[in-house]
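**Q** The structure's right below; bear with me while I get my questions together.
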Amino acid sequence: MTSVDLALAGISLGAIAALSGIGLLVTYRTNGVLNLAQGGIATLVAYVFREMVVEWSLPKWLAAVIALAVVSPGIGLLLERFVFRPLARRRASAAESLVASLGVLVLILGIVAGIWGLGSRSDAPNIFPNSSVRLFGETRIGIDALAELLMVVVFTIIIGLIAARTAFGRQIRAVVDDRQLAELSGVPADRVAAAGWAAGTTMAGLTGVLLAPRFQLTPYGLTLLVLETFAVVVAARLASMPVAVLTALGIAILQSELKQFTLHGDAGQILTVLQSNLFIVALLVLLLAVPKLRELGSGDSGATASFSSRGAPPSGRVSGVRFRQDYLGKLGGFALLLAPLTFAPADLRSAFMVPALGLIFLSMVIVTGYSGQLSLGVAGFAGLGALLSLKLANGNLFGLPAIPGIWSMFLGALLVAPVGLVTGYPAIRRRGLTLALTTFAVGAVVSRFVFEQPTFANGLYLDPLKLFGWELSEKAYYVFELVCLGIGLLVVRNLHHGRLGRALLAVRDDSSGAAAVGVDVRNLKLLAFTVSAAVAGLGGALLVHSSYSFSPDDFAPLQSLLWFTAVVVFGADSAAGAIMAAAFIVTIDVLAPAGSSTLAIGILALALGWMPGGLASAVRGMLRLFAQHLADSFVDPNQRAPRPVPVRISAGGHLPATTGITGASGIPGGGATLGAARAGHYSQWPLGAQRAAPSSDPRLTPFGADLVSVVQQYAASRQRAVIRQPAAHSQEGTR
Amino acid sequence: MSRGVLQAVGLVRRYGGLTAVDHVDLVAPPGMITGLIGPNGAGKSTLFSLLTGVEQPDEGQVMLGTTDITTMRPDIRSRRGLVQTFQVPSLFPTLTVADNLLVGAENRRRDYAGGLLGLSAQGRGRISRSAERVLERLGLAPKGPVIQIVEEVLDSLGLSDVRDTIAGTLPTGALRLVEFARALCAQPDILLLDEPASGLDAAETAKLSELLRRTAADGVGILIVDHDVDLVFSVVDQVYAMVGGRVVAAGDPETVRNDPTVRSVYLAQAPLAAAGQSGEGR
């Protein structure tokens, strides 16, 4: 049963989705970047267009020309020049480009929310007149649908011709295959890339301007709509433009046709959701069905080692001093986490969010940082944890009896684990882009079909938490949260240490190499996803209790993208980084207007180009340089132990080529050496697990000698205990 | 010692209309070095992937000892004693050399649950002696022998100096050696080496062939696929020569070298007669 009228009504949306798909494909085929920021750019341009028409009262045609011919391509050119060209120059991995585009998305969302607020606007102007023409009989089609369809056809043909028939098309393929090589053969690679970006963002702008009047204009809503059109490019396997266009029209028309049916009961509810969410369902189904996307380049986008640069904790012969220092740092961090207990009640309530978010971020450290899988669906797991624990506490989950609040949280989190396991299955064979999109789609589907459904998410109430009959005060709740965070940290620690940790890192660094020596890659990936889901679920449960209500917005699919970016920025493989990221976001959200934390994370994400390991790795590197500097000013350079030569060969192409902050062996640049650090007093510094050669008394620099004598005089004058010689100290440190 | 023989029985692999591997039979016994040579496109790499489990054959079987491993995943094969190295060394660039080797040594077991509960070998240092003994009884504390294997391999390959170096910072020659060491740590019955000499200079190649002989003398079977005919003929006990997806000659190096088909294929490429000596130039 098909209805022509409904089909025609669907055409307009289909054409817009097709335009979005064309834009994505153009950017991808010219630059090898799947532009996750497409939705953000569309939203930004839509807001700019509305601003010009509604607030500044410019004529519509002028506003459209400015928005689409100046602003949109301008964004593309800026992005190419300042974000993606530097990445392409240093042959960044596809994973890094993906994260960069996420950073752009987050940044743009922050800008939009900062300027126009998070509220929705329903007065977005329509470019085309609101009239229709008669096709045949009583059947009419809107001018807008006709115009949009025309644009799709024209663009497809033009782009197809350029790609197939012109020298420019050949240049594009050359640049995408090997940018450096293409440049050596005289192809203006930068110009080709810039043209691709400008075309892609213009399409994005067009998508936004056309979509806005059909829906309400909200920063997150419109962005998500555009992200859903990724279904189209997945169907096209990232390659074929006609397939993308046909899929877009097909899904939209099907979705429109669904409107003629009504069902009752649960099926009816599912149908209602499908009627407006077919794209997201199609995205998930297509991702599971399409065996392999035709990714450009080596398709190494699963190599997240590039933004998690740290290896395993040293396996042997770590000095006791190092452990002491480690514990000192941990104690300090713990003390900081206790500080909110002294806050005023309102501030304490804000601080509730920190351990909860921290747990969610830790779950991403497990999946992305340690086992190297790109996962963009964490909000789904967190939300499920929240929802399940609430339902358990309310006693309306599968007829189970009500479980006291605290235990319901743990049980709810455990119930999320199987969901993680199921999500992990696609991850066995998928990596990089495909996996990222799949996990995103899972999160989005869960959000639409569960969190936003009244059957599941309404009528939930939060009881005060009780532990053995004692009602938890706010301070006690915060302490409870810290205990949960501690459990999460313990899990993370166990996943990072010993045989299990090494095996996980091996999978992250090189999964085929890991399989070659018997590492059970499959089960380890599943394990990472399962554990991570449970940890995220616990975080979600805590988050709900922190904000006193369950709101689907807290676990919207875009949250996952924002959270993921935050974790990468603060160091994807750093547990401390995850907690700092949580504290950072909460603090900014409390102190600054809405959207500020998003903006800040976006800016930091774009800075990732200069610090590939995230903030955590940058801090680690700075500490080392500082230690070196100290050592150099203490110990005579001529006394240095032979320097370990930092030859930086990128094995398998994973290691970032820019910074050498990769571990214990050496630090590139600067004349300083670790040898110096080891030879002297600072052999206690956590630099490496190398056996310090039994160092004879190091000869000190004049400055060092002066300092030592001053200290000795001071000690003598106070008649205190004897100051030990540095060398003696260092011997004691190493076992 | 009952080590497994690696055996390919009637292996066939087709890509569309092209038959890349056409009814190939091959036997790599333990304690011997077997070579697999052939010009580009002869199907060597495809055969290699069939043996390692990266690809599945359309027909035929791969046997390890008496077990049919045709459909097993690479990691399972590896745990059963069939360990490979890659054309491009595939180390774990963020781990130290010792940790790379440990990964190899540790993964003949699959249970990771102990680690999740914090019962990792790492944690052993922090628990008391008696608890340690209990863990050893339960089979949860394999640290002793594992670390011993790693130290032995490090010593015997002269890698002790780079023990704690991050693998990603090593030059190519060293990477090959570390990858080989990692494979040894997995205690293989059969080692599959894909072009182990590519990227090595003459001295390193000579060192490699010495190493291969030593390993084989320990009872490990080795299968080498390499373009470097010199290396292959200088170390192997038996050779298989492939052309167009088929094995055209097999047997001891002398027989294969004098085989008319092999000669005609290689005539344009390398003077085989001199091969025996040049591999051991130093």
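**Q** Going by the structure shown, is A:SER240 surrounded by fewer than 22 Cβ atoms within 10 Å (Cβ to Cβ), within 28 Å of the chain's Cα centre (by Cα) and closer than 30 Å to A:ALA164 by Cβ?
**A** Values: surrounded by fewer than 22 Cβ atoms within 10 Å (Cβ to Cβ): yes; within 28 Å of the chain's Cα centre (by Cα): yes; closer than 30 Å to A:ALA164 by Cβ: yes.
Yes: the conditions hold for A:SER240.
**Q** Can you tell me which residues in the stretch B:75-94 are within 7 Å of chain A (Cβ to nearest Cβ) and charged (D, E, K, R)?
**A** B:ASP75, B:ARG79
**Q** Restricting to the stretch B:182-198, name every residue that is of a type in the set (Gly, Ala, Ser) and within 11 Å of chain A (Cβ to nearest Cβ). Give the derivation first.
**A** Residues of the stretch B:182-198 of a type in the set (Gly, Ala, Ser): B:183, B:186, B:197-198.
Correct list: B:ALA183, B:ALA186.
**Q** Scanning the stretch B:180-202 for residues that are among the small types (Gly, Ala, Ser) and buried (at least 20 other Cβ atoms within 10 Å of the Cβ), which turns out nearest to B:GLY104 (Cα to Cα)? So that I can check it myself, show each step before the final result.
**A** Residues of the stretch B:180-202 among the small types (Gly, Ala, Ser): B:181, B:183, B:186, B:197-199, B:202.
So of that shortlist, the ones also buried (at least 20 other Cβ atoms within 10 Å of the Cβ) come out as B:181, B:183, B:186, B:197.
Working: B:ALA181: 9, B:ALA183: 6, B:ALA186: 5, B:ALA197: 21 Å.
In this case the residue turns out to be B:ALA186.
**Q** Being assigned by TED's automatic domain parsing to the domain that holds A:LEU249, touching a Gly at 6+ places or on another chain (Cβ under 6 Å) and over 30 Å from A:PRO593 (Cα atoms): is that true of A:ILE162 here?
**A** Working: assigned by TED's automatic domain parsing to the domain that holds A:LEU249: yes; touching a Gly at 6+ places or on another chain (Cβ under 6 Å): yes; over 30 Å from A:PRO593 (Cα atoms): yes.
Taking the combined requirement at face value, the residue satisfies it.
**Q** The conditions are (1) facing another protein chain (nearest Cβ under 10 Å); (2) part of a helix (DSSP H, G or I); (3) modelled with pLDDT of 85 or more, and B:THR46 fails exactly one of them. Which is it?
**A** Among (1) facing another protein chain (nearest Cβ under 10 Å); (2) part of a helix (DSSP H, G or I); (3) modelled with pLDDT of 85 or more, the lone unmet condition for B:THR46 is (1).
**Q** Got at least one residue in the stretch A:400-410 being among the aromatic types (Phe, Trp, Tyr), at pLDDT below 85 and over 26 Å from A:THR565 (Cβ atoms)?
**A** Taking the stretch A:400-410 first, the residues among the aromatic types (Phe, Trp, Tyr) are A:407, A:410.
Narrowing the set further to residues that are at pLDDT below 85 leaves none.
No, that holds for no residue.
**Q** Of the residues that sit in the stretch B:143-174 and are of a type in the set (Ser, Thr, Tyr) and at the interface with chain A (Cβ under 8 Å from one of its Cβ atoms), which one is surrounded by the fewest Cβ atoms within 10 Å (Cβ to Cβ)?
**A** Start the filter on the stretch B:143-174 by keeping residues that are of a type in the set (Ser, Thr, Tyr), which leaves B:156, B:160, B:165, B:169, B:172.
With the extra rule that they be at the interface with chain A (Cβ under 8 Å from one of its Cβ atoms), the set shrinks to B:165, B:169, B:172.
Values: B:THR165: 25, B:THR169: 28, B:THR172: 17.
This residue is B:THR172.
**Q** Please count how many residues of the stretch A:245-270 are of a type in the set (Val, Ile, Thr) and buried (at least 16 other Cβ atoms within 10 Å of the Cβ). So that I can check it myself, show each step before the final result.
**A** Here is the first cut: in the stretch A:245-270, the ones of a type in the set (Val, Ile, Thr) are A:245, A:247, A:251, A:253, A:262, A:270.
Adding the requirement that they be buried (at least 16 other Cβ atoms within 10 Å of the Cβ) leaves A:245, A:247, A:251, A:253.
Total meeting the criteria: 4.
**Q** Oh, and also: Can you tell me which residue within the stretch B:158-211, out of those that are closer than 17 Å to B:PHE86 by Cα and among the basic types (Lys, Arg), is modelled with the highest pLDDT?
**A** Among those residues, the one meeting the criterion is B:ARG182.
**Q** Any chance you could count how many residues in the stretch A:122-157 are of a type outside the set (A, V, I, L, M, F, W, C), modelled with pLDDT of 85 or more and farther than 25 Å from A:PRO219 by Cβ?
**A** Within the stretch A:122-157, residues that are of a type outside the set (A, V, I, L, M, F, W, C), modelled with pLDDT of 85 or more and farther than 25 Å from A:PRO219 by Cβ number 1.
**Q** Considering every residue within the stretch B:137-155, establish whether at least one is out of contact with any helix residue (DSSP H, G or I) (no Cβ under 6 Å at 6 or more places or on another chain), farther than 28 Å from B:GLU204 by Cα, modelled with pLDDT of 55 or more and assigned to a helix (DSSP H, G or I).
**A** Checked against the condition, which is being out of contact with any helix residue (DSSP H, G or I) (no Cβ under 6 Å at 6 or more places or on another chain), farther than 28 Å from B:GLU204 by Cα, modelled with pLDDT of 55 or more and assigned to a helix (DSSP H, G or I), the stretch B:137-155 yields at least one hit.
**Q** Which residue pairs have Cβ atoms closer than 6 Å, lie 6 or more positions apart in sequence or on different chains, and pair a first residue in the stretch B:199-211 that is within 20 Å of B:ILE222 (Cα to Cα) with a second residue that is exposed (fewer than 14 other Cβ atoms within 10 Å of the Cβ)?
**A** Note: pairs meeting the criteria are B:ALA206/B:ARG282.
**Q** Sort through A:MET622, A:MET580 and tell me the only one that's surrounded by fewer than 24 Cβ atoms within 10 Å (Cβ to Cβ), touching a Phe, Trp or Tyr at 6+ places or on another chain (Cβ under 6 Å) and assigned to a helix (DSSP H, G or I).
**A** Numbers: A:MET622 fails: touching a Phe, Trp or Tyr at 6+ places or on another chain (Cβ under 6 Å).
Checking each option against the conditions leaves just A:MET580.
**Q** All but one of (1) touching a Gly at 6+ places or on another chain (Cβ under 8 Å); (2) in contact (Cβ under 8 Å) with a residue 60 or more places away in the chain hold for A:GLN180; which doesn't?
**A** Evaluating A:GLN180 over (1) touching a Gly at 6+ places or on another chain (Cβ under 8 Å); (2) in contact (Cβ under 8 Å) with a residue 60 or more places away in the chain leaves (1) as the failure.
**Q** Any residue that is under 18 Å from the mean Cα position of the chain (by Cα), closer than 23 Å to A:HIS497 by Cα, away from chain B (no Cβ under 14 Å) and outside any helix (DSSP H, G or I) - is there at least one of those in the stretch A:549-564?
**A** no
**Q** Select, from A:LEU283, A:LEU328, the only residue that is in a helix (DSSP H, G or I) and either of a type in the set (S, T, N, Q) or modelled with pLDDT of 80 or more (or both).
**A** Working: A:LEU328 fails: either of a type in the set (S, T, N, Q) or modelled with pLDDT of 80 or more (or both).
Of A:LEU283, A:LEU328, the one residue that is in a helix (DSSP H, G or I) and either of a type in the set (S, T, N, Q) or modelled with pLDDT of 80 or more (or both) is A:LEU283.
**Q** Name the helices (runs of 4 or more DSSP H) wholly within the stretch A:183-259 that hold at least 2 residues that are more than 29 Å from A:ALA289 (Cβ to Cβ) and among the aliphatic types (A, V, I, L, M)? Full working, then the answer.
**A** Numbers: elements: A:189-211, A:219-228, A:230-235, A:241-257.
In the stretch A:183-259, the matching helices (runs of 4 or more DSSP H) lie at A:189-211.
**Q** If only one of A:SER532, A:SER549, A:SER574, A:SER560 is over 18 Å from A:GLY372 (Cβ atoms) and hydroxyl-bearing (Ser, Thr, Tyr), which one is it?
**A** On the way: A:SER532 fails: over 18 Å from A:GLY372 (Cβ atoms); A:SER574 fails: over 18 Å from A:GLY372 (Cβ atoms); A:SER560 fails: over 18 Å from A:GLY372 (Cβ atoms).
Only one candidate qualifies: A:SER549.
**Q** Next question. Of the conditions (1) aliphatic (A, V, I, L, M); (2) in contact (Cβ under 8 Å) with a residue 40 or more places away in the chain; (3) buried (at least 21 other Cβ atoms within 10 Å of the Cβ), B:LEU177 satisfies every one except a single condition; which number is it?
**A** It is condition (2) that B:LEU177 fails.
The values are calculated or read from the model by the stated rules, or taken from the named source; none is laboratory data. Because the structure is a prediction, the values reported are computed rather than measured. Every residue, glycine among them, receives a Cβ derived from its backbone with ideal geometry; neighbour counts consider all protein chains shown.
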